[in-house]
Amino acid sequence: MARMKFLADAERCIECNGCVTACKQEHEIPWGVNRRRVVTLNDGTPGEKSISVACMHCSDAPCMAVCPVDVFYKTSEGIVLHDKDLCIGCGYCFYACPFGAPQFPQDGAFGLRGKMDKCTFCAGGPEPDFSDAEFKKYGRNRIAEGKLPACAEMCSTKALLGGDGDVIADIYRRRVTTRGKGSEVWGWGTAYGRPEKPPAQPGAKS
Amino acid sequence: MHGNLALRWVAWLSIALVAMLLPRFALAAEGSAQQQAERQIVQPLNNAPLWRDVRKGENPYQTTQVRGIETNVLVQTEGQIWREIRNGPVTVYGGYLLVLAALAILGYYLWKGPIKVHGQLTGRKIRRLSPWDRTIHWTVGISWLIMALSGLVMLFGKYFALPVLGYTLFSWLAILSKNLHNFVGPVFLIAAALMFITYLARNMPAAHDIRWLLKGGGMLTGEHVPSGFFNAGEKVVFWLGLFLFTIVVGASGLVQLFPNFDQGRVVMQYSNVIHAVTAVVYIAMMLGHIYLGTVGVEGAYDAMRYDGMVDEAWAKEHHEYWYNEVKGQSTAAGGAASPARAAAMKEGWKL
């Protein structure tokens, strides 16, 4: 079974924010929630680099570990999903996440943050595939349609790759050998450096 | 003349040195960006300076279109540390502490049983607590209990309640707990402040408190140790619990209660750990207070719960100095037996 991963190629990203727009459009995401963002380093100086970042669907996800109600589960393809019905909106996943992925629809005064929202790798949630409830809570389920995440598919320079970790690693390896340098895959050590943890919720949809 | 020249040289040299060093200090922040730019010329595609910055999360030229808290930070490594501390020592040792505290109390109860008043009750009652004393005590007490129980659900519930209740039911409990925790919290803090003022004068440390503490209040030996209105144990609960722990738990809680003031994640992580550790110690300590205030000491609960009156024998047994004070006062005021005063005390308008 494939292990789904994201890969951001800093040599290729041109900071067009196409992935961000694609994500918002695909899932009809409300204002203030940003499942994906592009961060630019050394902005305005020679050698600046941009990286698109969202939930990386970590192998040993910190959000899963700290969640007081265990809303997270992992599909058989390693995609970290969550059940919004169970979410209490405590914000602990946001404290723990290295990538700043968890988002909240409310500002949080008196701890009222609403239900956590994050990148689903376009794989929906625990509701039945293609149901209205699934779309309203988690957005489109492209994985069930046999497609890959909209952000990566839409990327004009193919800087952002999403899919089977082995396949995208091969693509990246080819790029690196062609370039001759620069094999740093951003975020992979943090996201996939630890041994894979089993799905938290037993009997979760895979 | 010669010396003058040397001095001049020294002056020139120092100015030159400062001039050489100044731009370095000014460029310290830009250094990484500079390094990255230079590296691109000598070694294209070698982004080592850049990745170093990403790991440190300190690049001043890190920007993003997304507005929000720390959205320009690519990787925050502190989250992992927080996870290890919270899921590790805080949960594990915190859990041990609470279980051990409960077991110690149970053991004491089985060994010694409730502390009874020696000798006969006199039937003569004296006023110990005014209606306000009791109202504020229970406002704090009930809100504290809500905070403690809901907090325990959020820290430990996943391990003991979730397997029993299942996901849906436990989630309802946790949502209820979280909302109660967030809205009762401020009520608890205000009530605790009022309680602090109300009980402050009666909790001033006295010399005999040290003797009481050294003898452990006679809890183990059964020895009679006299005390004032409150014994030293109660004063410890007052100063350590109601004063210190409440301030620490309150401050660290408020930081987390209002994330809309844009505090970063590291501040939240620190607050969360401080909050959890203090709260667990607070709960462990208050278990003792709750035990002694209910089944542990005969007559204690009734006084706080119903009318604020205690038997003279109880007062002499547990708070002898206070008892003597009250008796002295009443004798001076015409004797406790005076019907008018007894009626007044029953009405509860005077101590």
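Here, each number is a calculation from the coordinates, and none is a lab measurement. Since the model is a prediction, treat every value here as computed from it, not as a measurement. Counting neighbours? That spans all protein chains shown, and the Cβs are built from the backbone with ideal geometry, glycine included.
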In terms of the charge dipole of the protein assembly as shown, which places +1 on Lys and Arg and -1 on Asp and Glu at the beta carbon, the residue among B:TYR199, A:GLY139, A:PRO62 farthest towards the positive end is B:TYR199
quick shape note, the stretch B:146-274: Cα extents on principal axes in Å, largest first -> 53, 38, 25
Reduced to Cα centres, the span from the stretch B:303-328 to the stretch B:145-208 in Å works out to 31
By the rule of no other cysteine beta carbon under 4.7 Å, the lone cysteines of the protein assembly as shown are A:CYS13, A:CYS16, A:CYS23, A:CYS58, A:CYS67, A:CYS87, A:CYS90, A:CYS97, A:CYS122, A:CYS155
Dimensionless Rg/Rh of the stretch B:135-189, both radii on Cα and Rh by Kirkwood, sits at 1.06
Other residues with Cβ under 15 Å from the Cβ of A:GLY89 give, with Lys and Arg +1 and Asp and Glu -1, a net charge of +1
Interchain or sequence-distant (5+) residues whose placed amide H lies within less than 5 Å of the amide H of B:ILE115 are B:VAL297, B:GLU298
The Rg/Rh figure for the stretch A:4-192, Cα atoms and Kirkwood Rh, to two decimals is 0.96
Charge tally for neighbours of B:THR294 with beta carbon under 14 Å away, counting Lys, Arg as +1 and Asp, Glu as -1, is -1
GluC sites (Glu not before Pro) in the stretch B:203-299 lying in a DSSP loop, each with at most 11 other Cβ atoms within 10 Å of its Cβ, come to B:GLU223
Classified through the alpha carbon gyration tensor (a ≥ b ≥ c as square roots of its eigenvalues; rounded if a/c is under 1.5, else prolate when a/b is larger than b/c, else oblate), the stretch B:81-129 comes out oblate
Relative to chain A, whose Cα atoms define the longest principal axis, helix A:165-179 and its Cα axis are tilted in degrees, nearest 10, by 20
A student asked for the Cα radius of gyration and Dmax of the protein assembly as shown in angstrom ought to give 32.2, 106
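FRET efficiency for B:SER130 and B:LEU110, Cβ-Cβ distance as r, R0 = 41 Å, nearest 0.05? Don't skip to the end; give the middle numbers.
Numbers: r = 36 Å, r/R0 = 0.87.
According to the calculation, E is roughly 0.70.
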Given unit charges at Cβ for Lys, Arg (+) and Asp, Glu (-), the dipole magnitude of chain A about its Cα centre in debye, nearest 20, is 360
What the 5 Å binned alpha carbon P(r) of the stretch A:125-206 shows, as percent of pairs per bin from 0, is 3, 11, 14, 19, 19, 15, 10, 5, 3, 1
Flagged as over-length at 18 Å C-alpha distance, from A:LYS5/A:LYS115; A:LYS5/A:LYS197; A:LYS5/A:LYS84, the pairs are A:LYS5/A:LYS115; A:LYS5/A:LYS84
Once the dipole of the stretch B:80-347 is set up from charges on Cβ (+1 Lys and Arg, -1 Asp and Glu), the residue from the list B:ALA300, B:TYR159, B:VAL326 lying farthest towards its positive end is B:TYR159
Taking Lys and Arg as +1 and Asp and Glu as -1, residues besides B:GLY151 with C-beta under 14 Å from its C-beta add up to +3
For A:LYS74, the aspartates and glutamates lying under 17 Å Cα to Cα, once residues fewer than eight places off in the same chain are dropped, come out as A:ASP60, A:ASP83, A:ASP85, A:ASP117, A:GLU127, A:ASP129, A:GLU134, A:ASP164, A:GLU196
Treating every alpha carbon of the stretch B:80-347 as one equal point scatterer without solvent, the Debye formula yields log10 I(q)/I(0) values at q = 0.08, 0.09, 0.10 Å⁻¹ of -0.41, -0.51, -0.61
Expressed as a whole number, the average count of other chain Cβ atoms within 10 Å around the Cβ atoms of B:81-88 is 4
